[in-house]
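A quick write-up on the structure given underneath.
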């Protein structure tokens, strides 16, 4: 079936899962961007286990429940370079019960990552998907399950996206840039899978659901503010992000490091023409509304940061994201 809507709606998963059951499917192929791949992953779990999986989705993502039957085999073929969904364990589903986006565990079995399939992807989609990969790498560096290996991958993703994303946005048929971005997206997915993401994604999920924003745009606008927050706890890692972006940072003061690196990410986002929240039609008050939703969500992303996070911190990140871009 064709999936023409973003953010993996629950109804699309149910409809396709029924088709799989009615036809005795033993596998699924997902071809497309992140929403398509996430939908394929969710179908693979729901088809053999029933629609009740979606009602209990919070129990699956928190490890309180496991599937009764094996998932369908999956082959994922991305046509954008951002989510890295072909290498992550989770499908992000728009849940009716939770009125928001929440993860459903469903790791893929196989993937084909062919940069030629991303040639001609519109500049705007290229821009925000690339910065989604950047956000995965940034958050994986300071998630609770972070490892030295995920760090190595994350810094390389940041280097590659910083160098090649503007090239691909300027020339959407530049195969060299597409190859490096496809590689970066896949590496970011592996880092995310090994480590995880946290506050930025908790907020991006709520913004995307409440205001129908593309996930990558939300991530692009939030990442600088997340960096400023994280730098207070991890100044050395934040400095290394700057170094991966080609910035020479001489100060050792955490707040100054955070501001320098955050401004560099803002400059990158502006270079690839990411719109502001205001240009997207959102007021400051509307953006701030998602703070409590993210902080109290059943999806445990806010608490995945390897450090303390308060509701005040979450609201401050949103304020900075709105005011300083």
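If you go through the range 164-208 and keep only what is in a helix (DSSP H, G or I), more than 30 Å from residue 281 (Cα to Cα) and over 15 Å from the mean Cα position of the chain (by Cα), you end up with 175, 176, 177, 178, 179, 180, 183. Without any contact (Cβ under 8 Å) to a residue 60 or more places away in the chain and closer than 30 Å to residue 172 by Cβ: which single residue out of 57, 77 fits that description? Step by step, each of 57, 77 is checked, and only 77 is without any contact (Cβ under 8 Å) to a residue 60 or more places away in the chain and closer than 30 Å to residue 172 by Cβ. The selection criterion, being more than 21 Å from residue 111 (Cα to Cα) and in contact (Cβ under 8 Å) with a residue 60 or more places away in the chain, does not hold for residue 44. One residue stands out among those in the range 4-26 that are over 16 Å from residue 208 (Cβ atoms) and touching a helix residue (DSSP H, G or I) at 6+ places or on another chain (Cβ under 8 Å): the one that is surrounded by the fewest Cβ atoms within 10 Å (Cβ to Cβ), which is 25. On the stretch given as the range 142-155, residues that are more than 14 Å from the chain's Cα centre (by Cα) and either over 27 Å from residue 302 (Cβ atoms) or outside any helix (DSSP H, G or I) (or both) total 5. Take the range 184-205 and flag every residue that is surrounded by fewer than 24 Cβ atoms within 10 Å (Cβ to Cβ) and either over 26 Å from residue 149 (Cβ atoms) or without any contact (Cβ under 8 Å) to a residue 60 or more places away in the chain (or both). Matches in the range 184-205: 194 only. When restricted to residues that are within 28 Å of residue 144 (Cα to Cα) and buried (at least 24 other Cβ atoms within 10 Å of the Cβ), the range 161-181 contains 2. Listed conditions (1) touching a residue at least 24 places away in the same chain (Cβ under 8 Å); (2) buried (at least 24 other Cβ atoms within 10 Å of the Cβ) are all met by residue 218, apart from (1).
A short reminder: the numbers here are calculations on the coordinates, not readings from a lab. Quantities reported herein were computed from a predicted structural model and do not represent experimental measurements. Heads up, the Cβs are rebuilt from the backbone with ideal geometry, glycines too, and the neighbour counts pull from every protein chain shown.
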